[in-house]
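Colleague: Sending over a structure as structure tokens; questions will come in a sec.
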Amino acid sequence: MRLVHSAIFVGLVALVASPTLSKAVTEADLRAHIAILASDAFEGRKPGTEGEAKTVKYIAEQWARAGVKPAAADGGWFEPVPLIQRGQGRFDYSFTAKGRKLRVGSDDIVLIGKQADYMRSDLPMIFAGVGVKADGTVAADVAGKAALVLFDAENVPDKMKSPRARREALVAAGAEAVIFVGDSKGSWPSLRRLLLSRPISLESRETRAPLEGAITSEFAVGLVTAAGQDWDTLRAHAKQADFVGEALGIDANFNVKTDIYRFTSSNVIGKIPGRKKNSGALLFMGHWDHLGICAPEGAPDRICNGAVDNASGIAVMNEVAKALAQKKHDRDVYFVATTAEESGLLGAYAFAQKPVLPLDQIILALNVDTIAIAPRGSKVAIIGRGTTPLDAVVEAVAKKTGRVLEGSTDANAFMQRQDGWALMQKGVPALMVGGSFADLDLLQKFLGSDYHGPKDELKDTTELGGAAEDADLHIALGRHFADTRKYKSKKAGD
Ligand SMILES: [Zn+2]
């Protein structure tokens with residue numbers, strides 16, 4: 001009898017106490033989410049797969065259970081993100097010089113069109129060196145031409161190492177086709193693999209030439225030699241500071257079929273509605289996607305489970321949502337679980353393009369990514385430090401939760417590699433705050449080992465102490481920034 005009585009009493013106390021008494025997030029809380037999200041049943045959470053369906057359903061259920069309201073544009077949880085993948089189809093090509101057909105002697109060529117059918121004859125070819133000058137601009141007159149571009153040469157400007165950056169510069173300069181030349185003893189296999197990997201992109205934000213591709217250096221040598229030019233001389237010219245490209249006197253004919261697959265993925269979007277209208281909003285974000293089945297057939301473990309990257313971030317966001325939804329705040333608090341971060345922050349860019357609230361209402365976006373790295377007691381780094389006036393506020397809140405800030409701006413090296421970057425480019429104050437980027441040696445240990453491989457899975461040894469503390473810190477930041485008296489913002493009529 002007494003037992004029953006006391007049980008009821010305890011129950012009542014818990015009921016009354018829960019809105020004000022916040023219990024700290026534990027390693028076990030986080031582990032429970034990660035065990036599901038990073039399980040083999042979720043197949044590595046690749047956008048467009050059964051793993052996506054399970055992932056976004058799990059997140060929406062967790063948020064609904066916490067009391068978060070759905071906040072996609074249609075009133076549901078899922079904001080559609082239209083994505084596209086391209087694969088190589090059948091193709092034909094030939095080259096002529098002065099009306100004479102050229103024999104090339106190599107068929108190491110990859111060609112991928114922007115559209116399913118691409119056909120062009122007599123397309124003039126230009127050798128564009130590495131494609132761009134030291135300042136990133138294009139010197140060669142590539143407009144309406146097929147540009148041959150050296151993929152890896154010592155004079156590629158540091159900022160333009162990625163083929164994507166140079167491709168985009170060349171497309172902006174009007175190139176009809178961008179064809180990289182890969183060193184067959186060096187970069188060719190990875191360049192070829194990259195082009196044939198059916199990369200996912202956000203069609204509404206693409207900068208693509210009508211035709212893109214790659215050839216080996218042997219192919220290039222064969223081609224220019226057949227047209228009476230010398231490849232080594234061309235390469236030597238490309239190293240000169242005043243190089244402006246060299247017309248090859250070659251015309252190309254292409255008939256390229258491209259395998260195009262369009263599908264719709266989702267950002268999961270929820271909201272704790274604030275009680276003060278037009279007082280701005282706080283936004284938490286983290287990517288739910290990972291790399292899916294990533295190892296070749298026959299490998300002992302083929303699934304990239306993405307336990308740290310970024311099941312850990314979603315786990316933290318779920319616990320932050322649970323804690324913050326226990327009471328109303330002044331400001332709206334949004335939660336956005338993004339898709340296709342691994343393909344280039346695509347879900348975040350889609351959100352920035354078509355946000356469910358005006359972006360200028362967001363007083364702060366906090367991204368949570370790769371958070372299960374550091375142990376308890378770690379310092380707190382801010383990615384985006386110095387880009388907003390909020391560092392001191394974050395520091396004060398961190399201090400209240402017993403945390404010390406890491407003073408350097410070293411973690412800013414990761415600024416463009418995380419979803420917040422998509423919002424920063426639109427002028428939204430966006431930070432990543434936490435311990436996993438405070439000790440960069442420890443982070444590098446992960447990046448140099450399990451990262452983006454089948455071994456990023458939940459283990460007994462997975463460090464969740466720092467993540468649990470970071471979850472508490474995010475709850476404290478949420479309470480602070482969602483309170484119009486604690487944090488006054490010039491935004492939205494405050
Ligand atoms: Zn990743």
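Colleague: For the stretch 360-370, what does the Karplus curve 6.51 cos²θ - 1.76 cosθ + 1.60, with θ = phi - 60°, yield as ³J(HN,Hα) per residue in whole Hz, taken in order and with x for Gly and Pro?
Modeller: 6, 8, 7, 6, 6, 10, 10, 8, 10, 8, 6
Colleague: Now, a different point. Quickly rank 439-448, 339-348, 388-397, 460-469 as a protection proxy: mean count of other C-beta atoms within 10 Å, highest first.
Modeller: Answer by packing, highest mean first, reads 339-348, 460-469, 388-397, 439-448.
Colleague: Kirkwood Rh over alpha-carbon pairs of the stretch 86-260, then Stokes-Einstein at 25 °C and 0.890 mPa s: what D in µm² s⁻¹, rounded to an integer?
Modeller: Taking Rh from Cα pairs, D becomes 154 µm²/s.
Colleague: Still on this structure, I have one more. So for the stretch 86-260, averaging the separation of alpha carbon pairs under 8 Å that are six or more residues apart and normalising by length, what relative contact order in percent results?
Modeller: 44 percent
Colleague: Grab the beta carbon distance between ALA41 and SER121, set R0 = 45 Å, and tell me the FRET efficiency rounded to 0.05.
Modeller: 0.30
Colleague: Amide H to amide H, which residues 5 or more places from VAL380 or on other chains are under 5 Å from it, using H placed in the peptide plane?
Modeller: The list, which skips near neighbours in sequence, is VAL404, LEU405, GLU406.
Colleague: Okay, moving on. Can you pull the three principal axis extents for the Cα set of the chain, in Å, largest first?
Modeller: Per principal axis, max minus min of the Cα coordinates gives 100, 50, 43 Å.
Colleague: What does the helix-only formula give at 222 nm for the chain: each DSSP H stretch with n ≥ 4 adding -39500 (n - 2.57), the total divided by the residues, and the result rounded to the nearest 500 deg cm²/dmol?
Modeller: -8500 deg cm²/dmol, from helical runs alone.
Colleague: Treat each spin label as a single point 7 Å out from the Cα along the C-beta direction, and report the ILE293 to GLU206 distance in nm.
Modeller: Computed distance between label sites ILE293 and GLU206 equals 2.4 nm.
Colleague: Given R₀ = 35 Å, FRET efficiency for SER106-HIS452 by Cβ-Cβ distance, to 0.05?
Modeller: That pair, SER106 with HIS452, gives E of 0.60.
Colleague: While we're on this one: If one computes the Cα centroid of the stretch 337-386 and of the stretch 454-491, what distance in Å separates the two points?
Modeller: Measuring centre to centre over Cα atoms gives 12 Å.
Colleague: Give the separation of the Cα centroids, the stretch 389-405 to the stretch 101-160, in Å.
Modeller: So the separation of the two Cα centres works out to 49 Å.
Colleague: Once you treat every alpha carbon in the stretch 101-198 as an equal point and sum by Debye, what is log10 I(q)/I(0) at q = 0.22 Å⁻¹?
Modeller: Reported log10 I(q)/I(0), two decimals: -1.31.
Colleague: Relative contact order for the chain: what percent, with Cα pairs under 8 Å and sequence separation of 6 or more?
Modeller: 21 percent
Colleague: Obtain the nm distance between the two label points defined at LEU196 and LYS277 by a simple spin-label model: each point lies 7 Å from its Cα along the Cα-to-C-beta direction.
Modeller: 6.0 nm
Colleague: Then there's this: Please give the contour-minus-distance gain from ARG485 to THR137: 0.36 nm per residue of separation, less the Cα-Cα distance, rounded to one decimal in nm.
Modeller: 120.5 nm
Colleague: How do 204-214, 449-459 rank on mean C-beta neighbours within 10 Å, highest first?
Modeller: Packing order, densest peptide first, comes out as 204-214, 449-459.
Colleague: Also, I was wondering about something else. Leaving out ligands and nucleic acids, and using a 1.4 Å probe, what accessible area per residue does the chain come to in Å²?
Modeller: 45 Å²
Colleague: So for the stretch 21-135, what percent of the C-alpha to C-alpha distances run longer than 17 Å?
Modeller: In whole percent, the share of Cα-Cα pairs in the stretch 21-135 beyond 17 Å is 77.
Colleague: Let me ask you something else. Assuming 0.36 nm per residue, please report the length gained on full extension of the stretch LYS426 to ASP360 beyond their Cα-Cα distance.
Modeller: Taking LYS426 through ASP360 to full extension adds about 22.9 nm, to one decimal.
Colleague: So, one more: Can you list the HN-Hα couplings for the stretch 166-183, worked out from phi with the Karplus curve (6.51, -1.76, 1.60; θ = phi - 60°), rounded to whole Hz and with x for Gly and Pro?
Modeller: For the stretch 166-183, the Karplus curve yields 6, 4, 5, 5, 5, 5, 4, 7, x, 4, 7, 9, 10, 10, 7, 9, x, 6 Hz.
Colleague: Got a sec to turn the phi values of the stretch 420-435 into Karplus ³J(HN,Hα) couplings, 6.51 cos²θ - 1.76 cosθ + 1.60 with θ = phi - 60°, whole Hz, x for Gly and Pro?
Modeller: Working through the residues one at a time gives x, 4, 4, 7, 4, 5, 9, x, 7, x, 9, 10, 10, 10, x, x Hz.
Colleague: Could I ask something else about it? For helix 391-400, what angle does its Cα long axis make with the longest principal axis of the chain, in degrees from 0 to 90 and rounded to 10?
Modeller: 40 degrees
Colleague: Percent of accessible area on the stretch 86-260 owned by carbon and sulfur, 1.4 Å probe?
Modeller: About 49 percent, which is the carbon plus sulfur part of the accessible surface.
Colleague: Quick one: which residues, 5 or more positions from ALA175 or on another chain, have an amide H under 5 Å from its amide H? H modelled 1.01 Å from N in the peptide plane, none for Pro or chain starts.
Modeller: Here the answer is GLY144, since their amide H atoms fall under 5 Å of that of ALA175.
Colleague: Ranked by accessible surface with a 1.4 Å probe, highest first, in what order do LYS114, LYS257, LYS400, LYS354 come?
Modeller: The most accessible residue leads, giving LYS400, LYS354, LYS257, LYS114.
Colleague: Follow-up question, since we're still on this one. Restricted to Cα positions, what overall size does the stretch 275-319 have along the principal axes? Three whole-Å values, descending.
Modeller: 57, 16, 11
The values are calculated or read from the model by the stated rules, or taken from the named source; none is laboratory data. Bear in mind that the values here come from a model prediction, so they are computed numbers and not experimental data. Note: ideal-geometry Cβ built from the backbone for every residue, glycine included; neighbour counts use all protein chains shown. Ligands, DNA and RNA are excluded from the accessible area calculation, which covers all protein heavy atoms including side chains. Shrake-Rupley method; radii C 1.70, N 1.55, O 1.52, S 1.80 Å.
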